[in-house]
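What follows is a short report on a single structure.
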């Protein structure tokens, strides 16, 4: 259930909102603080001995953003499979040190090469 682990004054409010969503109702006003609810759930997990690991979700989200960038820059459709296996794109700097860092020229959709 959405927000079922929320604690403190937000708990009842979050559970009520979750019940509305579960019944398919749409609430048209902002309820509670998502930031606070996220922290409440995190701390509840930690107190229960659960170690949250969002690494996989964050890595997939980052790749999705990079794929969007690749598609926008080249004007081509990008598949997950292609991005994971065939792409030769390397966004890391040539060297990891302080100093000048050359910047590539701006991308032009349809002209910039898909690598």
What are the residues in segment 55-86 that are over 13 Å from residue 112 (Cα atoms), touching a helix residue (DSSP H, G or I) at 6+ places or on another chain (Cβ under 8 Å) and part of a helix (DSSP H, G or I), if any?
-> 63, 66, 67, 80, 83, 84
For segment 78-108, name all the residues that are loosely packed, with under 10 Cβ neighbours inside 10 Å and touching a residue at least 12 places away in the same chain (Cβ under 8 Å).
-> 88, 91
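Any read-out appearing in this document is the output of simple, stated calculations on the displayed coordinates, not a laboratory observation. Given the structure is predicted, the values throughout are model-derived calculations rather than measurements. Reconstructed Cβ throughout: ideal geometry from the backbone, glycine too, with neighbour counts over all protein chains shown.
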